[in-house]
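Q: Have a look at this one.
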Amino acid sequence: KQEVTQIPAALSVPEGENLVLNCSFTDSAIYNLQWFRQDPGKGLTSLLLIQSSQREQTSGRLNASLDKSSGRSTLYIAASQPGDSATYLCAAGGRDDKIIFGKGTRLHILP
Amino acid sequence: DAGVIQSPRHEVTEMGQEVTLRCKPISGHNSLFWYRQTMMRGLELLIYFNNNVPIDDSGMPEDRFSAKMPNASFSTLKIQPSEPRDSAVYFCASSYPVQGLRNTEAFFGQGTRLTVV
């Protein structure tokens, strides 16, 4: 049974800093790893999708990496801004087509 | 496309009443997922469908929960009878196959916030 863990549960950093969010998964037999952003009271917005054959994906200031062998993914945010404040969730897409989520990291960027 | 559409956005009901949540996936998507989100447990996968067929409902908490997908453009999640502990945000998501790959990017609706009093 796939389990996804995100550490830390919450993070506060000053504006302008670079930061890394971590995601680990127990079953390395995944098809993809997806990162989402969720604002309070809102739905989930897809940020980046990494297929199992890929090592990383980039979109603007965001870079996500995937290491299947170690069961880890990271989301790197460069030059953080107050608008980046949100909860970030990672989700592992398995061979059984299930998409299993971590509990998220609540990010607060201090102006 | 308007994205995944869920209705209602908010639902307040009394304990014991039947609740039906609705979802319209993105056209062309062949997988549909129902999730429940709470502060304590995060996002839990309840059930998912592939080509309108329920594939795995092991996440459905109790027999009070049921889900259907009568066609490719509509799904329902029903709770009967509802209880206060069912209060949560319920999300629907859909995804699509890409040639040579399994289902890829998942797109989420805005969710239905259910409160059972």
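Q: Could you tell me which of the pairs A:1/A:98; B:24/B:78; A:1/A:103; A:42/A:103; A:42/B:78; A:1/A:68 are separated by over 18 angstrom between their Cα atoms in the structure shown?
A: As for pairs spanning more than 18 Å Cα to Cα, those are A:42/B:78.
Q: Here's another thing I want to ask about it. What longest range of chain B stays clear of loop-exposed GluC sites (Glu not before Pro) (DSSP non-H/G/I/E/B, at most 11 other C-beta within 10 angstrom)? Intermediate values should be presented prior to the final figure.
A: Details: sites that count: B:14, B:18, B:62.
Answer from the scan: B:63-117.
Q: Kindly tabulate the residues in segment B:20-40 with an accessible-area decrease of at least 30 Å² between the chain alone and the assembly of all protein chains, using a probe of 1.4 Å.
A: Residues of segment B:20-40 that lose at least 30 Å² of accessible area once the other chains are added: B:33, B:35, B:37.
Q: Excluding residue B:46 itself, calculate the net charge of residues whose Cβ lies under 14 Å from the Cβ of residue B:46, where each Lys or Arg counts +1 and each Asp or Glu counts -1.
A: Around residue B:46, the charge tally is 0.
Q: Could you give me the ³J(HN,Hα) list for segment B:81-95, computed from phi with Karplus coefficients 6.51, -1.76, 1.60 and θ = phi - 60°, whole Hz, x at Gly and Pro?
A: Ordered by residue, 3J(HN,Hα) equals x, 7, 10, x, 6, 7, 4, 4, 9, 10, 10, 10, 9, 9, 8 Hz.
Q: Something else: Find the accessible area per residue for segment A:1-101; the probe is 1.4 Å, ligands and nucleic acids are left out, and the unit is Å².
A: In whole numbers, segment A:1-101 has 46 Å² accessible per residue.
Q: Given points 7 Å out from each Cα along the Cα-Cβ axis, report the residue A:18 to residue B:83 separation in nanometres with one decimal.
A: Result for the modelled spin labels: 5.0 nm.
Q: A further question follows. Pop out the ³J(HN,Hα) list for segment B:40-47 in order, Karplus 6.51 cos²θ - 1.76 cosθ + 1.60 with θ = phi - 60°, rounded to Hz; leave Gly and Pro as x.
A: Each residue's phi maps through the Karplus curve to give 6, 10, x, 8, 10, 6, 8, 7 Hz.
Q: What shape does chain A have by the C-alpha gyration tensor, where a ≥ b ≥ c are the square roots of the eigenvalues, rounded means a/c under 1.5, and otherwise prolate means a/b greater than b/c and oblate the rest?
A: prolate
Q: For a Förster distance of 25 Å, can you work out the FRET efficiency between the beta-carbons of residue A:27 and residue B:10, rounded to the nearest 0.05?
A: Efficiency at R0 = 25 Å is approximately 0.10.
Q: In terms of modelled amide H atoms, which long-range or inter-chain residues lie less than 5 Å from the amide H of residue B:110?
A: The list, which skips near neighbours in sequence, is B:6.
Q: For the protein assembly as shown, which whole percent of the accessible surface, found with a 1.4 angstrom probe, sits on carbon and sulfur atoms?
A: About 49 percent, which is the carbon plus sulfur part of the accessible surface.
Q: For the A and B pair, go ahead and give the buried accessible area with a 1.4 Å probe, both sides summed, in Å² to 100.
A: Its buried surface, counting both partners, is about 1900 Å².
Q: Hey, with R₀ at 30 Å, roughly what FRET efficiency would residue B:113 and residue A:10 work out to, going by the Cβ-Cβ distance, to 0.05?
A: Computed FRET efficiency for residue B:113 and residue A:10 comes out at 0.85.
Q: So what does residue B:36 come to for accessible area, using a 1.4 Å probe and Å² rounded to 10?
A: Surface accessible to solvent at residue B:36 totals approximately 30 Å².
The values are calculated or read from the model by the stated rules, or taken from the named source; none is laboratory data. Bear in mind the structure is a predicted one, so any value in this text is a computation, not a measurement. Backbone-built Cβ (ideal geometry, glycine too); neighbour counts: all protein chains shown. Each accessible area value is taken on the protein alone, full model and side chains, heavy atoms only, with ligands, DNA and RNA left out. Shrake-Rupley method; radii C 1.70, N 1.55, O 1.52, S 1.80 Å.
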